[in-house]
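Please see the structure below; I have some questions.
The values are calculated or read from the model by the stated rules, or taken from the named source; none is laboratory data. Just so you know, these numbers come straight off a predicted model, no measurement behind them. Cβ placement follows ideal geometry from the backbone for every residue including glycine, while neighbour counts extend to all protein chains displayed. Note: accessible area is taken over every heavy atom of the protein model, side chains too, but ligands, DNA and RNA are not part of it. Shrake-Rupley method; radii C 1.70, N 1.55, O 1.52, S 1.80 Å.
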Amino acid sequence: MEQGQVMGQLYQIIEEIGHGGTGVIYKAYHLRLGKYVVIKKIKDHFTGSVNVRTEADILKKLRHTCLPQVYDFIQEGSQVFTVMDYIDGYDLEYYLEQGICFPPQQLLVWLRELCGVLMYLHSQNPPILHSDIKPANIMVTSEDNICLIDFNISFGLEDEKDILGISPYYAAPEQYDRAQLYGMHEMEMPPLDGRMDLYSLAATFYRLVSGIRPSTDYETNVPLSAMHLPEFAPEFLHVIDKSMRINPQERYYTAKEMYGALSDLRKMDKRYRQFRLGVITATAAYAAGLMLSAGLILYGRNLCIREDFMTDYGILSDALSEGKEELALDKCFEILNENRYKGLLEQQNGRKAEILHVVGNYYDRNGDYANASAYYRDAAEISGLSAETGIYSRDYAISLAKEGKVAQAESILWQLEQSAVNSVQIHYIEAEIAYAKQEYEKAEEKVQMVLDGNPDTELKIKSYMLKADISGKLGKEQEQAACLEKARACGGQAIVLRKLGVAYMGLAKNAQKGMEKSKYYKKALEIYRQLSSLAYPSVEDRLNLAIVYLQMGESYHCEETLLAMTEEGVGDYRVWMYLAFSYEWEGDLARMKPCCKQAVEIYESSVPFGQEGVMDEQIRHLYELYEQMGG
């Protein structure tokens, strides 16, 4: 492409800035957003194997502070282009060529951060491989942040294909062999997985530590632990050596396992503890001696703060990926309220906005739309209104609509319509606003437009959940469950399962035939068993599991579930109430009576007796049992 050329009436080419494993890379200017971007032209012999729409969905949904944001995919005839963030800084290859070395603790921080990136990529559904990690693809920004760039076509592990755009010195042996044997004996080649990326990451740090470029004659690579490198902790060198083993089975199995090994270095390495106390040597000299000795102390202190921050941020990411909502929320507040991180968060608005958004999501899932709106608003104000950060304003508008502030939601919608936010996001906000206004047919029409627009996975899940809510309002219970099953198939987590469990329990309750009732209760049972197996199941999850057992006549399992909750000190009157109902079903009056008494006492201490509006059918039945026993 030529300098000055405008693509799609939106991106003006500035200059060619490099070649990646599968394409040519240009610096360009986003005419609407007023910012620099990178446009990567995929080489012609790769375009035939690229499913543009699938690739767009995979890459555009990625949100990580150590990854460039992908904005757009463009196909012009047989040519395919990706548009993503322009990262201002230099890559590690540049520093290596300049002969600049980095202190051991800086390399430890960066290696752990990059392991965190791979944890994020490999945890996607389907998992994503980078496939071309090397010094030239790791940027150090002007703020000393690390960023992993220049994705090849990122194949998921469930749809693994041959990866040809490799960098020989850093490619894993199995990846190198596969490229060399392309088209030959394909069925005999083992599948590639995340351990390929772990090798490439370790090979990159092998060179950063030793100054020696790894060889494609893998047997000749001398382990770091066999070199004389006294400034590095032996445990740190061992992590790199293990990740570079020729046999993938001998490496760390996952990026999370490698991350954990690096985290443990802090407990093992005496030099690191000394570093934490301020003993910083001349090896901390960085960027060819540009820092003064006084700056070294400040640099080391800031490095410690940054590492602690990334540790906490990694715990937060793990908690989110594992569905530990309460732990994630606690970690968010801990990060936001930690005085040492305030300066860092001010410098990294993107990361702060992400954390605020996580808190907003928690409150939104729990129906606290006032708090959700407040956090979404703060995230939107910090990040500004643009195509890449429109998700914060989108969720702010939606939470306002749910809160009943429709006029304010419509005002934000209008602002988003004037920006670069795509039409799919706009239609989703319109659907939520219509739902809030009880215009269910219009909401159904708009949400179908979102689904027809091929949204990313996150928005697809949200859309199916909203469509399920609309179906419930329109009395379409079967369709409601079907929509939630589609959300579940897209990778929806606990919130989808909880809605689906309630839907199946409703269908079972209203079923006329015994076999049909049993079918729906079995589906609900499978869901609540899954929810109760989570690390942090909610009280509602376990209560509903007990209720389903009771409805299916499995009183033993019902009692087992509820008694476990009493032993854990769960102080909810419903635990004792359902225990009483279970014993009533069995005709065991001796055990039913104390359960009734306990349930009534807990209930009356929290909801004063006599408030008829809060006494549902089950509470009335509980009091009837209690009175029959002389309570």
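Rank these by accessible area, largest first, 1.4 Å probe: His130, His557.
Highest to lowest solvent-accessible surface, that is His557, His130.
Compute the FRET efficiency between Glu250 and Glu76 as 1/(1 + (r/R0)^6), taking r as their Cβ-Cβ distance and R0 = 45 Å, and round to the nearest 0.05.
Working: r = 46 Å, r/R0 = 1.01.
The pair Glu250/Glu76 has a calculated efficiency of 0.50.
For Lys476, list the aspartates and glutamates whose Cα falls under 16 Å from its own Cα; do not include residues on the same chain fewer than 8 positions away.
Within the straight-line limit of under 16 Å, Lys476 reaches these aspartates and glutamates: Glu439, Glu441, Glu444, Glu445, Glu485.
Another question, if that's okay. Determine the per residue accessible area of the stretch 441-578 with all protein chains present and a 1.4 angstrom probe, expressed in square angstrom. Intermediate values should be presented prior to the final figure.
Details: 6520 Å² over 138 residues.
Roughly 47 Å² per residue, with all protein chains present.
Also, quick follow-up: Could you work out how far apart the two model spin labels at Thr311 and Val539 are, taking each label as a point 7 Å from the Cα in the direction of the beta carbon, and quote it in nm?
3.4
If I take R0 = 30 Å and measure r between the Cβ atoms of Met629 and Glu560 in this structure, what FRET efficiency does the formula 1/(1 + (r/R0)^6) give, to the nearest 0.05?
The calculated FRET efficiency here is 0.80.
For Met515, Met565, write out the residues from largest to smallest accessible area, computed with a 1.4 angstrom probe and no ligands counted. Mind dumping the intermediate values first?
Working: Met515 165, Met565 0 Å².
Descending order: Met515, Met565.
Further, regarding this structure: Could you compute how much accessible surface Ser215 exposes when probed at 1.4 Å, giving the result in Å² to the nearest 10?
For Ser215, solvent-accessible area is about 40 Å².
Could you calculate the contour length gain from Gln418 to Thr457, that is, 0.36 nm times the residue separation minus the distance between their Cα atoms, to one decimal place in nm? Working shown, then result.
Numbers: separation 39, 0.36 × 39 = 14.04 nm, distance 2.47 nm.
Full-extension gain reported as 11.6 nm.
Moving on. Leaving out ligands, DNA and RNA, what percent of the accessible area of the stretch 337-418 is carbon and sulfur, probe 1.4 Å?
Values: 1530 of 3560 Å².
About 43 percent, which is the carbon plus sulfur part of the accessible surface.
Sorted by accessible area (1.4 Å probe), largest first, how do Val539, Val117, Val358 line up?
Values: Val539 55, Val117 0, Val358 30 Å².
Ranked from most to least accessible, the order is Val539, Val358, Val117.
Got a number for the accessible area of Glu219? Probe 1.4 Å, square angstrom, nearest 10.
150
Let me ask something additional. Could I have the simple spin-label model distance between Leu589 and Ile14, label points 7 Å from Cα toward Cβ, reported in nm to one decimal?
Here the answer is 8.5 nm between the modelled labels.
May I pose another question? Going 7 Å from the Cα of Arg340 along its beta-carbon direction, which residues of the stretch 123-146 have the amide nitrogen within less than 19 Å of the resulting point?
145
Leaving ligands, DNA and RNA out of it, work out the accessible area of His238 with a 1.4 Å probe and give it in Å² to the nearest 10.
90
OK, next. How many nm separate the modelled label positions at Asp368 and Glu93, each set 7 Å beyond the Cα in the direction of the Cβ?
Using points 7 Å along Cα→Cβ, the separation is 4.9 nm.
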